[in-house]
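Q: First the structure, then my questions, so here it is.
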Amino acid sequence: MNQPPRLVVLISGAGSNLQALIEQQQAHQTFEIVGVLSNRPQVQGLTRASAANIATQVVDHTQYPTREAFDAEVAKVINTWQPDWIILAGYMRIMTPQLVQQFKGKLINIHPSLLPKYPGLRTHQKALEAGDHEHGSSVHFVTEELDGGPVIAQIKTPITAQDTEQSLVERLKTLEHRLYPQVVSWLVQGQLRLQHDNVYFNDKELSTPLIVT
Ligand code: GRF
């Protein structure tokens with residue numbers, strides 16, 4: 001029997017998106033999360049991985065003199081797991097170009113904004129301050145540009161007058177738990193690829209991101 005595609009998930013914190021992927025794996029077994037790497041020790045995501053019998057490894061960025069040295073160790077750990085795909089799920093380190101190059105086309109990230117709007121941090125606050133009527137999350141292939149890689153898919157939510165940063169954080173996380181498993185399922189079924197910095201879905205170049213509802 002063919003082995004299912006191997007996923008490595010990189011985290012820095014709570015790992016609720018990791019949890020959504022673990023549940024998808026348990027329900028369908030169309031992929032296997034073979035390792036979870038965190039740059040922070042003792043985060044909830046590591047506990048979630050262990051509870052699901054997934055191998056974990058901490059590479060603590062504070063213990064490395066340079067970003068290059070840290071990323072070299074990250075690459076080493078990732079390679080020991082021989083993944084087909086590397087999934088960033090709340091991983092809060094900017095990757096060096098060397099690391100991105102090594103895994104380009106196999107590396108995706110989830111970002112809480114409707115990219116290209118609001119790369120970087122405090123995206124919910126930025127959407128509120130701009131008076132936006134909608135907000136959302138994006139999954140994109142990772143390239144050397146921070147939160148700048150080609151977008152695969154998005155999920156959207158209206159912003160209401162009652163919304164606060166906290167309410168948006170919570171609502172969006174719930175939506176992300178639909179978005180990320182959907183994109184990962186396309187990925188492991190071979191429906192997505194990155195070519196010349198463009199996304200192809202079922203062999204057709206995407207002109208706009210797919211919308212997940
Ligand atoms: C998510 O909102 C994701 O978009 C962002 O970081 C958050 C991670 O949350 N990149 P969790 O650790 O998966 O709960």
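The values are calculated or read from the model by the stated rules, or taken from the named source; none is laboratory data. This is a predicted model, so every value here is computed, not measured. So basically every Cβ, Gly included, is an ideal-geometry build from the backbone, and we count neighbours across all protein chains shown. We work out accessible area using only protein heavy atoms, side chains counted, and drop any ligands, DNA or RNA first. Shrake-Rupley method; radii C 1.70, N 1.55, O 1.52, S 1.80 Å.
Q: FRET efficiency for HIS28 and ARG171, Cβ-Cβ distance as r, R0 = 22 Å, nearest 0.05?
A: Computed FRET efficiency for HIS28 and ARG171: 0.30.
Q: Which cross-chain or sequence-distant (5 or more) residues have an amide H under 5 Å from the amide H of ILE152, H modelled 1.01 Å from N in plane?
A: Answer set, sorted by chain and number: VAL139, HIS140, PHE141.
Q: Okay, next question. Compute the length gained on full extension between GLU129 and ASP197: take 0.36 nm times their separation in residues and subtract their Cα-Cα distance, giving the result in nm to one decimal.
A: Numbers: separation 68, 0.36 × 68 = 24.48 nm, distance 3.12 nm.
Taking 0.36 nm per residue and subtracting the Cα distance, the gain is 21.4 nm.
Q: Counting DSSP beta bridges with both partners in the chain, what percentage is antiparallel, nearest 5?
A: Numbers: 17 of 35 bridges.
Of the beta bridges lying entirely in the chain, close to 50 percent run antiparallel.
Q: For the range 138-186, what number results from the quotient of the Cα radius of gyration and 2.2 N^0.38 Å?
A: The value comes to 1.32.
Q: For the chain, what % of the accessible area comes from carbon and sulfur atoms, probe 1.4 Å? Spell out each step's value before the answer.
A: Working: 5170 of 10570 Å².
Result for the chain: 49 percent of the exposed heavy-atom area is carbon or sulfur.
Q: If you add up the charges near ASP60, with Lys and Arg at +1 and Asp and Glu at -1, over every other residue whose beta carbon is less than 14 angstrom from its beta carbon, what do you get? The partial results should precede the final answer.
A: Details: positive: ARG40, ARG67, ARG93; negative: ASP71, GLU73.
That works out to +1.
Q: Taking H as built 1.01 Å from N, whose amide H comes closer than 5 Å to the amide H of ILE33, not counting residues under 5 places away?
A: Placed amide hydrogens put LEU7 under 5 Å from ILE33.
Q: Turning to a different aspect of this structure: Please list 3J(HN,Hα) in residue order for the range 7-14, calculated via the Karplus relation 6.51 cos²θ - 1.76 cosθ + 1.60 where θ = phi - 60°; whole Hz, with x for glycine and proline.
A: 10, 10, 10, 9, 9, 9, x, 4
Q: Rounded to the nearest 5, what is the percent of antiparallel bridges among the DSSP beta bridges in the range 22-141? List each step's numbers first, then the result.
A: On the way: 4 of 10 bridges.
So the antiparallel bridges in the range 22-141 amount to around 40 percent.
Q: What Kirkwood hydrodynamic radius, in Å, does the range 2-149 give when the mean of 1/r is taken over all pairs of distinct Cα atoms and then inverted?
A: Numbers: mean 1/r = 0.0626 Å⁻¹.
16.0 Å is the Kirkwood radius here.
Q: Ok, one more. Can you tell which of GLN182, GLN24, GLN162 shows the greatest fluctuation in a Gaussian network model of the chain with Cα springs below 10 Å?
A: Sorting by GNM fluctuation, first place goes to GLN162.
Q: Here is a further query. Note down the relative contact order for the range 70-192 as a percent, whole number, built from C-alpha pairs under 8 angstrom at least six residues apart. If you can, show how the numbers build up before the last one.
A: Numbers: 159 pairs, mean separation 24.9, N = 123.
That works out to 20 percent.
Q: VAL199's amide H: which non-local residues (gap 5+, or another chain) put their own amide H closer than 5 Å, with H modeled 1.01 Å from N in plane and none for Pro or chain starts?
A: LEU206
Q: Filter LYS106/LYS126; LYS173/LYS204; LYS126/LYS173; LYS76/LYS104; LYS76/LYS173; LYS104/LYS126 down to the pairs with a C-alpha to C-alpha distance above 25 Å, please.
A: Beyond 25 Å between Cα atoms: LYS106/LYS126; LYS173/LYS204; LYS76/LYS173; LYS104/LYS126.
Q: Here is a further query. Restricting things to alpha carbons, tell me how big the range 101-213 is in terms of Rg and Dmax, in Å.
A: In order Rg, Dmax, the Cα atoms of the range 101-213 give 14.1, 44 Å.
Q: Tell me what the chain gives for mean residue ellipticity at 222 nm when only DSSP H runs of n ≥ 4 count, each as -39,500 (n - 2.57), the sum divided by the residue total, rounded to 500 deg cm²/dmol. Can you show the working numbers first?
A: Details: 6 runs with 73 residues, N = 213.
It comes out at -10500 deg cm²/dmol, rounded to the nearest 500.
Q: Here is a follow-up. Please give me the summed charge of the neighbours of LEU114: other residues whose Cβ is under 12 Å from its Cβ, Lys and Arg +1, Asp and Glu -1.
A: Its environment carries a net charge of 0.
Q: For Cα pairs less than 8 Å apart in space and 6+ apart in sequence, what is the mean separation divided by the residue count of the chain, i.e. the relative contact order in percent?
A: Details: 386 pairs, mean separation 38.2, N = 213.
For the chain, the relative contact order is 18 percent.
Q: Ordered by residue, what ³J(HN,Hα) values in Hz, to whole numbers, does the range 109-119 give under the Karplus form 6.51 cos²θ - 1.76 cosθ + 1.60, where θ = phi - 60° and Gly and Pro are x?
A: Coupling constants for the range 109-119: 9, 10, 10, x, 7, 8, 4, x, 5, 6, x Hz.
Q: In whole Å and largest first, what semi-axes does the C-alpha gyration tensor of the range 1-69 yield when each eigenvalue is scaled by 5 and square-rooted? Don't skip to the answer; put the middle values down first.
A: Working: eigenvalues 121, 38, 14 Å².
That gives 25, 14, 8 Å for the three semi-axes.
Q: Which whole-Hz ³J(HN,Hα) couplings does the range 191-205 yield from phi under the Karplus relation 6.51 cos²θ - 1.76 cosθ + 1.60, θ = phi - 60°, glycine and proline marked x?
A: Working through the residues one at a time gives 8, 10, 8, 9, 9, 6, 6, 10, 8, 10, 10, 6, 6, 10, 5 Hz.
Q: So, one more: Solvent-accessible area per residue for the chain at a 1.4 Å probe radius, Å²?
A: On the way: 10570 Å² over 213 residues.
Computed with neighbouring chains in place, this is 50 Å² per residue.
Q: What full-extension length gain, to one decimal in nm, is calculated for GLU145 and THR80 as 0.36 nm per residue of separation minus the Cα-Cα distance? Please report the intermediate quantities before stating the final value.
A: Numbers: separation 65, 0.36 × 65 = 23.40 nm, distance 2.61 nm.
Net length gain for the segment: 20.8 nm.
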